[in-house]
Amino acid sequence: MDPATDLQPMPTEHLINELQSYGVRLVDPRAGAESRRGGAGPSDHKALTLDGMTVMVPVHTAPAFESPYLVEKPDAYGRSRISRDGLVLGEVSFPLQPKFYGLTTADGIPYSKIAVLHGRDVLATTVLQTCIRYQSRTKTCQFCAIGQSLAAGRTIERKTPAQLAEVAKAAVELDGVKHMVMTTGTPPGKDRGAAILTESARAVKAAVDLPIQVQCEPPDDDAWFARMHAAGADALGMHLEAVTEEVRHSIMPGKAQVSVERYFQAFEAAVPVFGRGQVSTYILAGLGDSREDILKVCDRLTRIGVYPFVVPFVPISGTPLESHPTPSPAFMNSILGPLAGMLLATGLKSIDAKAGCAKCGACSALSTYERRGRGQGGCS
Ligand code: SF4
């Protein structure tokens, strides 16, 4: 066995499920690039490369502190041994701190407060770090930490188009980033963030040739899809997070005011604009939806050309769901195996995505299932 490339005895996709469910303990918490804490979407993670795949693995969560997986201090080449309950499984490595983190804008803002590196080669930014859904406990999405990184001073509230363009250009030139994810908190107003994403995408595209995925709630008017696309957005994410109205209303009462049916209308309108496989949605498994509920919605999504990026829910410290359990590796396997089969059957592939989470794939083992062609998997 070559320890650098083959992590035995478990198939890589199962190991990723385990690492994302249990997290890892790090002997040296400073290893690799700075970990994500707070912010929109998944957090409290660190990027780790194993078997050629870069994945986001929880390191700051409560389960991670008790994980059976331990990553040793990296050697001079950035390689570390990973073990489970003392048994060495192989080697992993950490993407290095990107060079653009060392720069600041002319007005003195560190580039790392404007955008950050996700996975191995994705530049990610939250254009607007506030959200109408985050104002009160009764409306907030209970898994979200968008206000935490702002309160801690790790980011700024509003990234201007000019700042985003400046940082994107540097990240391409200095660190070779391959695509960009622009998400946003939901502002007041009916466009639900589409307007600021449009002006941001336009500015970045004018500065550098970088594929961009924009992420927002379905806007009031489907004409926004053509506007975002014309401005330079190559891909679009509209994230259901949970798939049943019951779970949506209990976990994300504000965002659940936009119904699942409205999401599907928006998907149907967006796919002809962006193309099959260029529209995606993020689904957090483990919030209460059953395997059957998730697979039923994924079946509907894949039939209309939307890529369902199913990731394990990981609780973020300081959020109302910080003590909510992560889904088991078996639960993830029971969803990702059949989902990979649906993707194969409908011709949707993560490698064909031009930009975004589906292309990056670091928050889920899904793309590894896809690559292995394990479409018929599922063990429970
Ligand atoms: S899958 Fe999306 S959220 Fe996860 S690391 Fe990649 S770009 Fe970031």
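For E91, the accessible surface of its heavy atoms amounts to roughly 50 Å² (probe 1.4 Å, protein chains only, rounded to the nearest 10). Beta bridges assigned by DSSP with both partners in the range 126-273 are antiparallel in approximately 10 percent of cases.
Across R303, R227, the residue with the most accessible area heads the list, and the full order at a 1.4 Å probe is R303, R227. As a fraction of the 1.4 Å probe accessible area of the range 78-205, surface on carbon and sulfur atoms comes out at 54 percent.
For I283, I196, give the ranking by accessible area with the largest first, probe 1.4 Å.
Numbers: I283 0, I196 30 Å².
The residues order as I196, I283, largest area first.
Return the carbon/sulfur percentage of the accessible area of the range 251-380, one whole number, probe 1.4 Å, all protein chains in place. Carbon and sulfur atoms account for 52 percent of the accessible area of the range 251-380. In this structure the chain gives 39 Å² per residue of accessible area when probed at 1.4 Å with all protein chains present. Using the Cα gyration tensor of the range 172-306, with a ≥ b ≥ c the square roots of its eigenvalues, what is the shape: rounded (a/c below 1.5), prolate (a/b larger than b/c) or oblate (neither)? Taking the square roots of the gyration eigenvalues as a ≥ b ≥ c, the range 172-306 is prolate. Were the residues from M10 through E292 laid out at 0.36 nm apart, the gain over their Cα-Cα distance would be 98.9 nm.
Need one number: the % of Cα-Cα pairs in the chain sitting beyond the 26 Å mark. Taking all Cα-Cα pairs of the chain, the fraction more than 26 Å apart is 48 percent.
Using the Cβ-Cβ distance between A106 and A152 with R0 = 22 Å, the FRET efficiency computed as 1/(1 + (r/R0)^6) comes to roughly 0.35.
Dipole check for the range 43-122: with +1 at the C-beta of Lys and Arg, -1 at the C-beta of Asp and Glu, and the Cα centre as origin, the magnitude is about 160 Debye. Rounded to the nearest 10 Å², what accessible area does H118 show when all protein chains are kept and the probe is 1.4 Å? Using a 1.4 Å probe on the heavy atoms, I get roughly 40 Å². Pairs of lysines in the range 165-294 whose Cα atoms sit within less than 24 Å of one another amount to 4, provided the residues are eight or more positions apart or on different chains.
Here the contact order of the chain, divided by its residue count and restricted to Cα pairs under 8 Å and six or more residues apart, works out to 16 percent. For the range 198-320, relative contact order (Cα pairs under 8 Å, six or more residues apart, normalised by length) works out to 24 percent. Of K46, K113, the residue with the largest accessible area leads and the full order is K113, K46 (1.4 Å probe). One chain, two ends: Y77 and T138. Fully extended at 0.36 nm per residue, the span grows by 17.2 nm beyond their Cα-Cα distance.
Please figure out what share of the DSSP beta bridges in the chain is antiparallel and state it in percent, rounded to the nearest 5.
Within the chain, antiparallel bridges account for around 50 percent of the total.
Annotation: extensible slack from L96 through Q265 equals 56.7 nm (criterion: 0.36 nm per residue apart, minus Cα-Cα distance). Filter K73/K113; K296/K359; K99/K139 down to the pairs with a C-alpha to C-alpha distance above 29 Å, please. Violating the 29 Å limit, Cα to Cα: K99/K139.
For the range 186-228, averaging the sequence separation of C-alpha pairs within contact (under 8 Å, six or more residues apart) and dividing by the residue count gives a relative contact order of 56 percent.
The values are calculated or read from the model by the stated rules, or taken from the named source; none is laboratory data. Everything numeric here is computed off the predicted structure, so don't read it as measured data. With ideal geometry, Cβ positions are generated from the backbone for all residues, glycine too; neighbour counts draw on all protein chains shown. Remember, those area values only see protein heavy atoms, side chains included, never the ligands or the DNA or RNA. Shrake-Rupley method; radii C 1.70, N 1.55, O 1.52, S 1.80 Å.
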